[in-house]
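K.L.:
This is the structure I have questions about; it appears just below.
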Amino acid sequence: MTDPRIQALEAALASHPPFRAPPDAASSRAAVALLLRVAGGGLELLLIRRAEREGDPWSGHMALPGGRHQAGDADMRATAARETLEEVAIDVAGGGRLLGELDELAPRSARIPSIVVSPFVFHVPSGAQAHPNHEVQEAVWVAVDELLHPGAATEYLHELAEGSTLAFPAFDARGYVVWGMTHRILTGFLELYAQAVTP
């Protein structure tokens, strides 16, 4: 039997058609997966910390499993599924269920490569375990209720090359700071989730 929160979220996603970026909005496309599992009476979301790599603008950042669209991918959903299997060894195509899609997003900073990201929400089995590959430093399951708690709201101070600092809204997820595009994706997801499951 499906958890009622999963059912409510699926219904909310179905009634909220995602914003689609124009085909010429960016030079490349990518997709990410929000993986949800039922554990300990609550829902958990998988976050990853990207491995440190020189030249990678997202090196070491907290993120969602995902990556760039490749020519062999049938669509963006297939991109999200392939990247998730590669990065954390969770097969959403064979063992997960697509709940819906969130709005497509593009980076707000000119310092970041021009790319449009398509987020997909999947329900995976309660026993799903992440096994990171070389692209992922670590993977952590975080309770959705923890992210919804007012105490999770924080800010990230980003140092620029010229020495100045910019403050960005962020989440504190068990000591991990989630900011940037991942924060924007999670903000949209959490707003929808809260509306769907709040009595």
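The values are calculated or read from the model by the stated rules, or taken from the named source; none is laboratory data. What you are looking at is a predicted structure, and each value in this text was computed from that prediction instead of being measured. Reconstructed Cβ throughout: ideal geometry from the backbone, glycine too, with neighbour counts over all protein chains shown. The accessibility values were calculated without ligands, DNA or RNA, using every heavy atom of the protein model including side chains. Shrake-Rupley method; radii C 1.70, N 1.55, O 1.52, S 1.80 Å.
K.L.:
If you take the beta carbon distance between His158 and Ala25 as r and set R0 to 25 Å, what does 1/(1 + (r/R0)^6) give as a FRET efficiency, to the nearest 0.05?
P.N.:
Taking R0 as 25 Å, the efficiency between His158 and Ala25 is 0.55.
K.L.:
Here is a follow-up. What whole-number value in Å² describes the accessible area per residue of the chain for a 1.4 Å probe?
P.N.:
For the chain, the per-residue accessible area is 50 Å².
K.L.:
Quick one: which of 120-129, 181-190 comes out on top by average Cβ neighbours within 10 Å, and what's the full order, highest first?
P.N.:
Going from most to least packed, we get 181-190, 120-129.
K.L.:
If you roll a 1.4 angstrom probe over the protein chains with everything in place, what fraction of the accessible area of the chain belongs to carbon and sulfur, to the nearest %?
P.N.:
53
K.L.:
Using alpha carbon centroids, what distance separates segment 122-148 and segment 31-55, in Å?
P.N.:
Taking the Cα centre of segment 31-55 as reference, the centre of segment 122-148 is 4 Å away.
K.L.:
Let me ask something else about it. Nothing charged except the Cβ atoms of Lys and Arg (+1) and of Asp and Glu (-1): what's the magnitude of the dipole of the chain about its Cα centre? Round to the nearest 20 debye.
P.N.:
240
K.L.:
Still on this structure, I have one more. Taking Cα pairs under 8 Å and at least six residues apart, what relative contact order does the chain come out at, in percent?
P.N.:
26
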